[in-house]
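The values are calculated or read from the model by the stated rules, or taken from the named source; none is laboratory data. Bear in mind the structure is a predicted one, so any value in this text is a computation, not a measurement. Neighbour counts are summed over all protein chains in view; Cβ atoms, including those assigned to glycine, are modelled from backbone coordinates with ideal geometry.
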Amino acid sequence: MIQFEAVHKRFPNGTTAVHDLSLDMPEGGVTVFVGSSGCGKTTSLRMINRMVEPSSGTIRVGGRDVLEQDAAELRRSIGYVIQQAGLFPHRTVLDNVATVPLLLGWGRKKARAAASELLDRVGLSAEMGKRYPHQLSGGQQQRVGVARALAADPPVLLMDEPFGAVDPVVRTQLQDELLRLQKELNKTIVFVTHDIDEAVRLGDRIAVFREGGHLVQCAPPEELLARPADEFVADFLGVERGLKLLSLTTLGGVGQGAYPADTGWELALDEARKPLHWRDEGTGATVPIRPLRETDSLLSALNESIAAPGGFVARVDADGILTGVSSRSEIHDRAGLAHATAGTRAGTGKTEPAEAVEDTDVTS
Ligand SMILES: Nc1ncnc2c1ncn2[C@@H]1O[C@H](COP(=O)(O)OP(=O)(O)OP(=O)(O)O)[C@@H](O)[C@H]1O
């Protein structure tokens, strides 16, 4: 969908912002550009809609070289969201969202109808549509920014640190909102952030840049966490890399079996075979149970296996009915396997399939 082929950007003052960038971003996924300040993320993003032009190399969107397209037309066909939303202060929220449809000649009525539907989609009431941007909170303004970028239903959305200026709680809400919208809309999104946790949460693929505009590695979050290409990427991912990986790996790969009889703790079920609690066979005391599904994370499973008195996790199907149990050691083994500490590995945008790995203790 979006392709960079040997792209360089050197500014007139001699700064090389992007160095030999080759990267394919598939249709309908979120690619996150991360890296420290000044490493060329924004410049790379802005070359996609020609707000910056490459010094050499080719960028294609939907198979077409961006330099062969009319710049204004290209920009209108690509949604763009920036930090602090960049809204027009003298226009109402509704008119802000209707901007691009109006430019595209939809007519006022149709443009406003589309805008009001989008405000609803991003969780803003019709009343908010009548306000001016300064009458909204920072988080609400960002929502308007997202609605405005989506108004003309562009296939591609560029987002440059869109949630960088809001507090952590609102930031998480906005991330959830974006994930929900993306599930419905399936746009091709390129998202720039400094924040590795945000990248892991939102990205289908994460591209890590380093100073001088070099792409160091581009891979799905699980693979990036499991097999950072080199020390630079490993450092960037931080000391909690193992925990992040556990939170992304699901319980599905862990075997399950019948609950053993000799633990001293009964697994109490209701008539539908849904787990109720753990019950001490001697004293009758009960301990709360948190049954887990295939899609729950290994991190939740490890936590539950530590909290459960017998060290077992009750596994249930989508209806909450018991399917079996897994022991702490089975979960632990799977966690070690997921934690592919392949060490340092040279590489760039190319990734290799994950392979069997050492059993490293990720829980300590
Ligand atoms: N118009 C410009 N003229 C000259 N140098 C520029 C220009 N725009 C950016 N640069 C430089 O290019 C490099 C990359 O900048 P860019 O904004 O792409 O980085 P970034 O990774 O997005 O940084 P940040 O996370 O701080 O926004 C930096 O050294 C920056 O100073």
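Just a few scattered comments:
- Under the condition of being part of a strand (DSSP E or B) and more than 38 Å from the chain's Cα centre (by Cα), the residues counted in the range 231-267 number 2.
- Hits in the range 181-210 (condition: part of a strand (DSSP E or B), more than 16 Å from the ligand (Cβ to nearest atom) and over 22 Å from residue 231 (Cβ atoms)): 188, 189
- The residues of the range 302-337 that are of a type in the set (A, V, I, L, M, F, W, C) and under 18 Å from residue 258 (Cβ atoms), listed by number, are 308, 312, 313, 314, 316, 321, 322, 325, 331.
- Only one of 110, 130 that is at pLDDT below 90, of a type in the set (Lys, Arg) and more than 16 Å from the ligand (Cβ to nearest atom): 110
- Those residues of the range 211-246 which are within 16 Å of the ligand (Cβ to nearest atom) and at negative phi, in sequence order: 211, 214, 215, 216, 217, 218, 232, 233, 236
- Meets criteria (part of a strand (DSSP E or B) and more than 29 Å from residue 324 (Cβ to Cβ)) for residue 175: no
- Any hit, the range 283-297, residues being buried (at least 18 other Cβ atoms within 10 Å of the Cβ), among the aliphatic types (A, V, I, L, M), at pLDDT 90 or above and within 30 Å of residue 198 (Cα to Cα): yes
- Residue 70 fulfils the conditions (1) without any contact (Cβ under 8 Å) to a residue 12 or more places away in the chain; (2) of a type in the set (D, E, K, R); (3) within 12 Å of the ligand (Cβ to nearest atom) except for a single criterion, (3).
- When the range 32-47 is limited to residues that are touching a helix residue (DSSP H, G or I) at 6+ places or on another chain (Cβ under 7 Å) and at pLDDT 95 or above, the one that is nearest to the ligand (Cβ to nearest atom) turns out to be 33.
- Only one entry in 245, 215, 269 is under 21 Å from residue 335 (Cα atoms), touching a residue at least 12 places away in the same chain (Cβ under 8 Å) and touching a Leu at 6+ places or on another chain (Cβ under 9 Å), namely 245.
- Top-ranked residue in the range 1-17 [being near the ligand (Cβ under 8 Å from one of its atoms) and assigned to a loop (DSSP other than H, G, I, E, B); ranked as nearest to residue 213 (Cα to Cα)]: 15
- Scanning the range 56-67 for residues that are surrounded by 15 or more Cβ atoms within 10 Å (Cβ to Cβ) and either away from the ligand (no atom under 16 Å from the Cβ) or at negative phi (or both) gives 58, 59, 60, 61, 66.
- Any pair with Cβ under 9 angstrom, 6 or more apart, that starts in the range 6-32 at a residue that is surrounded by fewer than 13 Cβ atoms within 10 Å (Cβ to Cβ) and ends at one that is of a type in the set (Gly, Ala, Ser): 6/22; 6/56; 6/57; 11/17; 11/55; 27/62
- Only helices (runs of 4 or more DSSP H) whose full extent lies in the range 61-126 are considered here, and the ones with at least 3 residues that are touching a helix residue (DSSP H, G or I) at 6+ places or on another chain (Cβ under 7 Å) are 93-97, 99-103, 108-121.
- The set of residues in the range 145-182 being at pLDDT 90 or above and surrounded by 24 or more Cβ atoms within 10 Å (Cβ to Cβ) consists of 158, 159.
- Residue match in the range 275-282 (condition: in contact (Cβ under 8 Å) with a residue 40 or more places away in the chain and part of a loop (DSSP other than H, G, I, E, B)): no
- Flag if residue 50 is in a loop (DSSP other than H, G, I, E, B), surrounded by fewer than 22 Cβ atoms within 10 Å (Cβ to Cβ) and either within 16 Å of the ligand (Cβ to nearest atom) or among the polar types (S, T, N, Q) (or both): yes
- The condition (being within 15 Å of residue 45 (Cα to Cα) and assigned by TED's automatic domain parsing to the domain that holds residue 41) is satisfied by just one residue among 172, 193: 193.
- Counting the residues of the range 305-327 that are modelled with pLDDT under 90 and either touching a Leu at 6+ places or on another chain (Cβ under 9 Å) or assigned to a strand (DSSP E or B) (or both) gives 1.
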